[in-house]
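A short write-up of the structure that comes next.
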Amino acid sequence: MTFILFDAEYRVDHEAHARYLAAERTEAGTGDLPERDARVTPRWPFRRPVAISWMTLERDEQDIPTPVKLRTMGCPEHSEAEMLRAFFADISSVGEMDLVSWGGAGTDLPQLMLSASMHGITLPECLQAFGRPFDMRDRRHTDLMLAMGQSGARVHMAEMAAALDIPVKPIGAPTAVAGYIEAGKWSLVKATAEADVLTLGCLLGYYLQLTTPSCAASMCDRIASYAAKMTHRPFAEDFLNYRDRLRAAALAEAQSSYHRLAA
């Protein structure tokens, strides 16, 4: 099984949202509406991808999912259509695979599908089940927010990562991304998407550990080592420090086990 973990960053299409406000007969900037109202905060139909990052994990000789490739496409080098076609092509290039996201069922997938339809892009065969409403067969997608949360409250990835001491949002808070986009700081936008994918990979390790003993430590070490080599990104040091913490904890546990056996 190949895992493809993905995340995207988006800009708000204010022109399209203005058409919605006109349809609702609502003035922009209306102050008496709650912040969560769709007329105040644009929802997913008005968010357009500006960067997509995806990481491929293959099982190694120890049967541990291990990073083999992290690819990111985004503005200003690539158009929306180019990002989508590259992402879909990579997904199509593998055999049995599982897409992995955090909250992607309710955000990323519908947004990317809408973008694809706007550009006249046909979904690759392995994703066409998502184009059939209410047909859950052959949908190769694990939304970790739902899988790890079960019937609990829907939590942010940062909450789960913080609970497990995994590096998360090292580039800045989610609200900072809009500022990066507006300022044209595209390298930081791409780095944000990549960091989220790396965090997602570590969370996947903890999820897989429910059925695969010792999976989390090995996966997280491999992913952190992979990220630490990306010295052109500001998150490299965060993941290097995380890897060192993992190894120190593993050494301490091994020494403790030795002393218990020797006693």
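The values are calculated or read from the model by the stated rules, or taken from the named source; none is laboratory data. Computed from a predicted structure; not experimentally measured. A quick note on method: Cβ atoms are made from the backbone with ideal geometry, for glycine too, and the neighbour counts reach across all protein chains shown. In case anyone asks, the SASA skips ligands and DNA or RNA and just uses the protein heavy atoms, side chains included. Shrake-Rupley method; radii C 1.70, N 1.55, O 1.52, S 1.80 Å.
Observations on the structure shown:
- Where N is the number of residues in region 214-263, Cα Rg divided by 2.2 N^0.38 Å: 1.41
- 0 to 90° range, to nearest 10: angle between helix 236-262 axis and the chain longest Cα axis: 30 degrees
- Carbon + sulfur, % of accessible area of the chain - ligands and nucleic acids excluded, 1.4 Å: 53 percent
- Efficiency of FRET between Val94 and Arg154 - r from beta-carbon atoms, R0 45 angstrom, step 0.05: 0.95
- Scaling the Cα radius of gyration of region 81-236 by the globular reference 2.2 N^0.38 Å produces a ratio of 1.10.
- On Cα atoms only, tilt of 80-92 relative to the major axis of the chain in degrees: 40 degrees
- Rounded to 0.05, the FRET efficiency of the Met118 and Ala249 pair, given R0 = 51 Å and the Cβ-Cβ distance, is 0.60.
- Along each principal axis, taking the top coordinate minus the bottom one, the Cα set of the chain gives 78, 41, 39 Å in descending order.
- Taking only the C-alpha atoms of region 62-104, Rg followed by Dmax gives 12.8, 40 Å.
- Angle between the chain longest axis and helix 186-208 axis [Cα atoms, degrees, rounded to 10]: 50 degrees
- Two numbers describe the Cα atoms of region 144-184: Rg and Dmax, which are 13.1, 40 Å.
- In plain terms, the bigger the Kirkwood radius, the slower the diffusion; for region 59-134, with that radius from Cα pairs, at 10 °C and 1.306 mPa s, Stokes-Einstein puts D at 113 µm²/s.
- Rounded, prolate or oblate (a/c below 1.5 giving rounded, otherwise prolate when a/b exceeds b/c) for region 1-150 by Cα gyration tensor: prolate
- Secondary-structure-derived ellipticity at 222 nm for the chain, considering helices only, amounts to -14500 deg cm²/dmol, per-run term -39500 (n - 2.57) for DSSP H runs with n ≥ 4.
- Other-chain or far-sequence residues with amide H under 5 Å of Met97's (modelled H): Thr2
- Segment Asp63-Ala22, length gained on full extension (0.36 nm per residue, minus Cα span): 9.2 nm
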